[in-house]
1. How many angstrom lie between the C-alpha centres of region 112-148 and region 64-100?
2. Which of the lysines could a cross-linker bridge to LYS105, judged by Cα under 30 Å and excluding same-chain residues fewer than eight apart?
3. Quick one: putting +1 on the C-beta of Lys and Arg, -1 on the C-beta of Asp and Glu, what dipole do you get for region 2-143 around its Cα centre, in Debye to the nearest 20?
4. So how strong a dipole does region 1-79 carry about its Cα centre when Lys and Arg Cβ are +1 and Asp and Glu Cβ are -1, to the nearest 20 debye?
5. Taking +1 at the Cβ of each Lys and Arg and -1 at the Cβ of each Asp and Glu, which of ALA51, ALA91, THR126 sits farthest along the dipole of the chain towards its positive end, judged by Cα position relative to the Cα centre?
6. Rg and Dmax in Å for the chain, alpha carbons only: what are they?
7. Enter the mean projected area of the convex hull around the alpha-carbon atoms of region 74-148, in nm², rounded to one decimal.
8. Stokes-Einstein D for region 1-52 at 20 °C, 1.002 mPa s, Kirkwood Rh over Cα pairs, in µm²/s?
Amino acid sequence: MILAVDLGLWTGLACYAVDDGGDARLSWFRAQHFATVTVLKRAIPRVLDEAPGLSLLVLEGDRHLGDLWAKLAQKRGAAVVRVAPEQWRTAMLLPRDQRDGATAKAAAVRLAHELIARSDARRPRTALVDDVAEAIVIGAWAARRPSR
C-alpha cells in the first residue's frame, strides 16, 4: 500500500493498493479534519491501520506534522518520501497548469477526478476539495516513481 498525505490539520488522504506486479490502483481517499495537533497525533495510528501492509508513505506539507506521520510509519516498516509541490506538479501537470498555486490546485482536482474514474475507489459524494485531490495526485506520482 501507498498512502499519500497532504499535511495539515485539514488533511487530504489517498491510499493506493499495489499488486504483485507493482501496479498501483487508488483504493480510497478522503479529507479529514484534526482539531489540534494532539488529536492528530492520536489519530495517525488509526489512519495507518487503514493501509494494511503499508510500504510507502508520501508526505507533502508541514515538516513538523510530517515528522509525526513519518515516525509512526517507519516504526511499521514503511519507507517515507517527502515531496515538494513543485516535484509532483512538474511530473503530473502540464506546464500551463503550473503557473500559480490556484491554477495548479484546479488542475489537480481535474486530474484526481480522472484517476478516480479509472479506479476501484468510490466516487466522491460532494465536491472534491483540493487537499484530497492533491493527495490523490501525489499518490499517483509516487506510484509511478521507479524507485518506490
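Quick note: the coordinates plus some simple rules give every number you see, no bench work behind them. Only a predicted model underlies this, so the values are computations on that prediction, with no experimental measurement involved. Every residue, glycine among them, receives a Cβ derived from its backbone with ideal geometry; neighbour counts consider all protein chains shown.
1. 13
2. Correct list for LYS105: LYS41, LYS71.
3. 300
4. Once rounded to the nearest 20, the dipole reads 400 debye.
5. Looking along the dipole axis, the top candidate is ALA51.
6. For the chain, the Cα-based Rg and Dmax read 14.2, 40 Å.
7. Mean orientational projected area (region 74-148, Cα hull): 6.0 nm².
8. Approximately 183 µm²/s, per Stokes-Einstein.
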